[in-house]
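Down below is the structure, laid out as structure tokens.
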Amino acid sequence: MVRLTFVVAAILPAIAFVPAVLVAQNHTIVFPNPHIKVPHDAAARAAIACGEPPLQVILARQGYTINEEHGEIAAQLFVKAGRGPIIFKPIAAYGLADVSMGGWYKVQSAIGNATTEPVRQTMWRLEPYNNKQPYPPVMRGSTEKYNPGNSLFGLWVSSTGFKNERVYTQDVLQKFVRRFGNDLHKAHVYVAVRNGQIVPNTYLIGWEYSTNDDNQDMVTMVSNVKPVNGPK
């Protein structure tokens, strides 16, 4: 059972969020309140049980609004939306305290019958000590930009805590991680809505590479893209 205690802080200037404190299993998490409601879906409960903020709250702290339970879109692949490179970067990390990384891959033909994982390109890495925070800095030598041209592509993340495993935006590719069983949907994509406005061609992805399904082991933003099978 999770014990929830809310403590409203002293009066702050009108432009500031009024923080509240959530106590969950001897962990303390700060939530902005009353502007941000603590969600109660299964993913949020899983995060709180680990002493971590739910995905919806992580994003709300950065000015984004999502409905984690009902707001996900169908988007497992992407194409570039306009001129210039795409941007794919981590905006929060609450996974294992190991090196984590992310990047892109070209889409294989007949991928449902693939016997090997796709060829991946690594864009960025995070140090182990930066895997429990918002806005984690990437390691030296990383990049957050890539130009796929007109090619269809997918995205991936991984942690060295799970050796030789990757999580992909395409559900079917999770078949290479046996411990997932039939639970193959590990990349949860949302339209980026910030301060009440849709951010053009920008999407937020909550990733799950563990198995507690809190969907915020890694949180990324991808921009200058259009999702395949998503909103136009």
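A few notes on this one:
- Violating pairs (Cα-Cα greater than 19 angstrom) within the set LYS132/LYS226; LYS145/LYS186; LYS80/LYS186; LYS106/LYS163; LYS163/LYS186; LYS89/LYS145: LYS132/LYS226; LYS145/LYS186; LYS80/LYS186; LYS106/LYS163
- Spin-label model distance (nm) - LEU152 vs GLN62, 7 Å beyond Cα toward Cβ: 2.8 nm
- Gain on full stretching of the segment that runs from LEU184 to GLN197 - 0.36 nm per residue minus C-alpha separation: 1.5 nm
- If you take the Cα centroid of segment 48-81 and the Cα centroid of segment 132-146, the two points sit 19 Å apart.
- Modelled spin labels at VAL79 and ASP41, positioned 7 Å past Cα toward Cβ, are 2.8 nm from each other.
- Per-residue extension of 0.36 nm, minus the Cα-Cα distance of ASP213 and CYS50, leaves a gain of 57.5 nm for this segment.
- In a reduced charge model with +1 at each Lys and Arg Cβ and -1 at each Asp and Glu Cβ, segment 77-228 shows a dipole moment near 500 debye about its Cα centre.
- In terms of its alpha-carbon gyration tensor, segment 77-228 comes out rounded; the largest-to-smallest axis ratio a/c stays below the 1.5 threshold.
FYI, it's all coordinate maths here, none of it is from the lab. Since we're looking at a predicted model, the values are computed, not measured. Note: ideal-geometry Cβ built from the backbone for every residue, glycine included; neighbour counts use all protein chains shown.
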